[in-house]
Each structure stands twice: as structure tokens, then as C-alpha cells.
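The values are calculated or read from the model by the stated rules, or taken from the named source; none is laboratory data. Predicted model only: the values in this text are computed from it and were never measured. Positions of Cβ are generated from backbone atoms using ideal geometry, with glycine treated the same way; all protein chains shown enter the neighbour counts. Ligands, DNA and RNA are excluded from the accessible area calculation, which covers all protein heavy atoms including side chains. Shrake-Rupley method; radii C 1.70, N 1.55, O 1.52, S 1.80 Å.
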Amino acid sequence: MPTAVQLYLDLVKRAVLNQIYQDRDVFRIAPDTGTGYRGTEVFDHDAEARALGNGWPMQAHSMIGVKRLDNIQECVTTILADGVPGDLIETGVWRGGACIFMRALLAAHDVTDRKVWVADSFEGMPAPDGDSYPADEGWDLTRANTVLGVPEEHVRDHFERYGLLDGQVEFLKGWFRDTLPAAPIDRLAYLRLDGDLYESTMDALVHLYPKLSPGGFVTIDDYALEPCKLAVEDYRTKFGIDEEIVEIDWSGVYWRKSA
């Protein structure tokens with residue numbers, strides 16, 4: 001018989017993915033090829049697509065799918081059980097669903113001494129800087145900013161709707177290159193990167209991975225995208241990181257930082 005905690009967390013997952021009212025998608029990605037495609041207008045709700053996290057929902061608060069939400073739960077419950085010190089952060093939050101679920105995990109386990117950091121431009125994606133970051137050349141995602149750019153006040157409102165906006169939620173607004181170097185974060189136990197581009201991914205790794213406690217986890221949401229994957233590989237090579245990269249689904253991966 002599921003416990004009350006299990007039932008609550010399952011409901012939050014269903015809510016942030018809108019598996020309850022089943023809204024439609026404005027964009028889909030084919031997991032086998034990694035290419036995106038649009039419908040003539042919108043895609044009807046598809047339970048499998050929503051579970052896989054390969055669509056951009058019209059109303060849901062997260063697009064990452066069930067397996068990547070399960071990964072958040074696995075990582076956070078492990079660090080809590082093992083006493084790994086530090087806060088939780090996501091860099092690139094869209095409508096805030098993944099961060100809302102992180103805060104729900106802390107609430108469900110009665111954790112009051114950790115924070116969830118919500119880092120985003122709240123304007124969408126930056127224009128690619130192909131001169132400084134050649135891997136981003138041709139990856140202009142700003143054309144999708146009408147969907148990807150979600151104002152901070154909207155994300156705050158989403159937290160409020162779940163009853164989870166409080167002093168344990170901190171917002172970092174701005175481009176990662178500006179906000180992350182001076183972010184007032186001492187230690188992290190969980191680092192979730194969802195920045196798509198080489199520059200965004202590298203900025204998060206350079207400024208936040210050194211703050212990740214031994215035993216903490218890092219999740220890469222966009223490993224299926226070549227610029228993101230290359231940034232991860234370059235950073236790991238430069239700093240001799242050889243922990244096993246574990247596949248979550250067609251797009252996400254994670255590893256645990258060793259001692």
C-alpha cells in the first residue's frame with residue numbers, strides 16, 4: 001500500500017506534467033533522431049509522449065517527462081538518506097515544474113535546512129555566441145522564446161499554486177554568465193542542468209560543479225543535444241571526471257560525484 005508521502009509525490013508529478021487534465025503539445029521531438037517537428041496547429045495529448053518528455057506542453061509546468069522526474073526523486077532521496085550536505089538547483093527552469101517537484105520532495109521529507117535555487121533568464125534562450133563558443137554556431141533557439149521565455153512572476157505563481165513558495169525557494173534571474181559566478185550558494189547536493197547550449201551548460205558546470213558535495217548528483221537534461229553533450233565532455237576531460245554517466249532516457253543523463 002503506498003504511503004501518504006508516495007501518494008503526494010506521485011500526485012505532484014502528475015500535476016506538473018498535466019497528466020490529469022491532459023493539455024496538448026505545441027512541439028514534439030522524435031527521440032530516435034533527436035529532431036523536432038511541429039504539427040499543423042497543435043498535437044493532441046499523448047500519454048506516451050508526455051511520459052517520455054519529448055513535447056512542449058501548452059499548459060503543463062514541466063516538459064521533462066516521468067523518467068527525468070523519477071531521476072530527481074531518486075537523487076534527492078538518496079542525498080537526504082546519506083546526509084550529503086548542500087542545496088538543490090536547476091539552471092534553466094522553464095515554467096518551474098522540476099524545481100516545484102524538488103521543493104515538494106523537501107516538504108514531503110520535512111526538510112527545512114535546504115534551499116531550492118531557481119536559476120533562469122526568465123526571458124528564454126540567449127542568442128548563440130558562435131565566436132566564443134563554436135559548438136553553438138547554428139543553434140539559434142531564440143526563435144522559440146515565445147514559448148521558452150516564461151517571466152519570473154509566472155514561475156513564482158506556479159510555486160504558489162502548489163503551496164510551495166516560501167523562504168526555501170530562491171530565484172536567480174539573469175543569464176548564467178552574469179548570475180552564477182556570484183551566486184550566494186555555499187554548497188550543493190544536487191545540480192540539474194537544463195541549458196541546451198554549450199555556453200549555458202559550461203557556465204553552470206564551471207561555477208557550480210566545484211560547489212557540489214562529494215556524494216552529490218548532477219543531472220544533464222539536454223545530453224541529446226550536441227552542444228550540451230560537448231560541453232559536458234570538455235568539462236569532464238579538463239578536470240579528470242571519470243564517474244560513470246548513467247542514461248535516464250533518450251535525452252537525460254546523470255552521474256554521482258565521488259569522494
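What do you reckon, is Arg187 open to solvent by 70 Å² or more (accessible area, probe 1.4 Å) and touching a Gly at 6+ places or on another chain (Cβ under 6 Å)?
Spelling it out, Arg187 is indeed open to solvent by 70 Å² or more (accessible area, probe 1.4 Å) and touching a Gly at 6+ places or on another chain (Cβ under 6 Å).
On the basis of being over 23 Å from Arg161 (Cα atoms), surrounded by fewer than 16 Cβ atoms within 10 Å (Cβ to Cβ), at pLDDT below 95 and more than 17 Å from the chain's Cα centre (by Cα), does Gly83 make the cut?
Judged against the criteria, Gly83 is not a match.
Tell me, please, whether a residue that is open to solvent by 40 Å² or more (accessible area, probe 1.4 Å) and modelled with pLDDT of 95 or more can be found in the range 197-209.
The answer is yes, given that some residue of the range 197-209 is open to solvent by 40 Å² or more (accessible area, probe 1.4 Å) and modelled with pLDDT of 95 or more.
In this structure, is Val66 open to solvent by 10 Å² or more (accessible area, probe 1.4 Å) and either part of a loop (DSSP other than H, G, I, E, B) or under 20 Å from Leu172 (Cα atoms) (or both)?
No: the conditions fail for Val66.
Return the residues of the range 170-181 that are open to solvent by 10 Å² or more (accessible area, probe 1.4 Å) and either in contact with a Phe, Trp or Tyr (Cβ under 9 Å, 6 or more places away or on another chain) or within 21 Å of Val155 (Cβ to Cβ) (or both); say none if nothing qualifies.
Within the range 170-181, Glu170, Phe171, Leu172, Lys173, Gly174, Trp175, Phe176, Arg177, Asp178, Thr179 meet the criteria.
Among the residues in the range 195-209, are any in contact with a Cys (Cβ under 9 Å, 6 or more places away or on another chain), in a strand (DSSP E or B) and not small (Gly, Ala, Ser)?
There is no residue in the range 195-209 that is in contact with a Cys (Cβ under 9 Å, 6 or more places away or on another chain), in a strand (DSSP E or B) and not small (Gly, Ala, Ser).
Would you check if there is a residue in the range 20-42 being open to solvent by 10 Å² or more (accessible area, probe 1.4 Å), in a helix (DSSP H, G or I) and either at pLDDT 95 or above or over 24 Å from Tyr209 (Cβ atoms) (or both)?
The answer is no, given that none of the residues of the range 20-42 is open to solvent by 10 Å² or more (accessible area, probe 1.4 Å), in a helix (DSSP H, G or I) and either at pLDDT 95 or above or over 24 Å from Tyr209 (Cβ atoms) (or both).
When you scan the range 175-198, how many residues do you find that are over 16 Å from the mean Cα position of the chain (by Cα) and not basic (Lys, Arg)?
Summing the residues that are over 16 Å from the mean Cα position of the chain (by Cα) and not basic (Lys, Arg) in the range 175-198 gives 8.
Can you tell me which of (1) open to solvent by 30 Å² or more (accessible area, probe 1.4 Å); (2) closer than 22 Å to Leu205 by Cα; (3) part of a helix (DSSP H, G or I) is the one Val5 doesn't meet?
Val5 satisfies every listed condition except (2).
Only one of Asp129, Asp140 is in contact with a helix residue (DSSP H, G or I) (Cβ under 7 Å, 6 or more places away or on another chain), modelled with pLDDT under 95 and outside any strand (DSSP E or B). Can you tell me which?
Asp129
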